[in-house]
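Step one of this worksheet: look at the structure below.
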Amino acid sequence: MGRLFDFMLPEAKSPTAESTDALFHFINEVSLILLLGITISIIYFAIKYRRKSEDDVPPVITHNHALEITWSVIPLLVCLVVFAWGYSGWLNLKSVPDDAYEVKVTAMKWVWNFEYANGAISPRELHVPAGKPIKLVMKSRDVLHSFYVPEYRIKQDVLPNRYTYVWFNATEPGESHIFCTEYCGTDHSGMLAKVIVHEPEEFETWLQANGGGPSDDPVEHGESLISQNGCQACHSTDGSKGIGPSFKGLWDSNETLADGSTVKVDENYIRESILAPQEKIVKDFELVPMTSFQGILDDEQISAIIEYIKTLK
Ligand code: CUA
């Protein structure tokens, strides 16, 4: 009976998902039994006690204690079972195991960034070892977002100015989708990422290969900053039109601004566009304002981004 409603759910890839589904199936199956029981009784009684002749007068029944107690106590018991079951599931969701591996999550319009203890950063990909509890400590850089992995049955709002957390344990190596489930602006539906579950040794190898601070090469560093800060959500690097102007061919060009004047794209213009994007808005890109990266990117990082943009001819 437990598999009857399985078609309604995505694959379950964590113990939490399995226990959540068990309650879901219980509620669905009890509802189905009640629905069938009540419907069949109604039809049966309607036929059995239908009026058969003109002088058929039904008895007047005012109350029946045994019946009333039965139909009150049984639903009460079912509700208590659902409550207790749901409460213990909620406690499990909120109690992170002590040995959990911690990953920091930053949400921003419109990218998920994952940061590990050794300094490794992976935009749009959460790498984790299989069979180990993972704790995600999450914050938002701008508006409300929500972290959702259907296959783990976990969902948690991510807020600015405050940390929230969620945990899961992915039992098998593989991949699962991450969605944003709080409407957060133009590209909300494109705010996707993946959980990549490795074998534990494979995860260590990945972590070592990606740890250890930014690259010495400014162009490479600039490119990874562009990725970590979600710039490509709005600015393409291949010339295609996005929410903001493309980075390709941008350097040394003349941009026409919304007020009709033109500006030469040099170091100072790019710097100003990153720190005070509302100062010079490019024509045809007035609709979705960019947020300032003041306090997020420092001078050295902005210089690296400029070096990278220079290479996109
Ligand atoms: Cu982030 Cu919707």
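Quick notes
- Residue within the stretch 7-21 that is of a type in the set (Lys, Arg) and surrounded by 14 or more Cβ atoms within 10 Å (Cβ to Cβ) present: yes
- Each residue in the stretch 141-153 was checked for being open to solvent by 10 Å² or more (accessible area, probe 1.4 Å) and of a type outside the set (A, V, I, L, M), and 6 pass.
- Matching residues, the stretch 171-185, being of a type in the set (Val, Ile, Thr) and either within 11 Å of the ligand (Cβ to nearest atom) or in contact with a helix residue (DSSP H, G or I) (Cβ under 6 Å, 6 or more places away or on another chain) (or both): ILE178, THR181
- Filter pass, MET108 being over 30 Å from SER31 (Cα atoms), of a type outside the set (Gly, Ala, Ser) and modelled with pLDDT of 95 or more: no
- Verdict on SER122 being within 26 Å of CYS234 (Cα to Cα), away from the ligand (no atom under 16 Å from the Cβ) and among the hydroxyl-bearing types (Ser, Thr, Tyr): yes
- Within the stretch 211-226, at least one residue is within 28 Å of GLY131 (Cβ to Cβ) and either out of contact with any helix residue (DSSP H, G or I) (no Cβ under 8 Å at 6 or more places or on another chain) or within 16 Å of the ligand (Cβ to nearest atom) (or both).
- Top-ranked residue of the stretch 142-170 - restricted to ones that are within 11 Å of the ligand (Cβ to nearest atom) and part of a loop (DSSP other than H, G, I, E, B), ranked as nearest to LEU9 (Cα to Cα): LEU144
- Within the stretch 179-279, helices (runs of 4 or more DSSP H) holding 1 or more residues that are within 27 Å of GLU102 (Cβ to Cβ) and touching a residue at least 12 places away in the same chain (Cβ under 8 Å): 200-210, 218-228
The values are calculated or read from the model by the stated rules, or taken from the named source; none is laboratory data. Since the structure is predicted, the reported quantities are computational estimates derived from the model, not experimental observations. In this analysis, Cβ positions are derived from the backbone assuming ideal geometry, glycine residues included, and neighbour counts consider all displayed protein chains. In case anyone asks, the SASA skips ligands and DNA or RNA and just uses the protein heavy atoms, side chains included. Shrake-Rupley method; radii C 1.70, N 1.55, O 1.52, S 1.80 Å.
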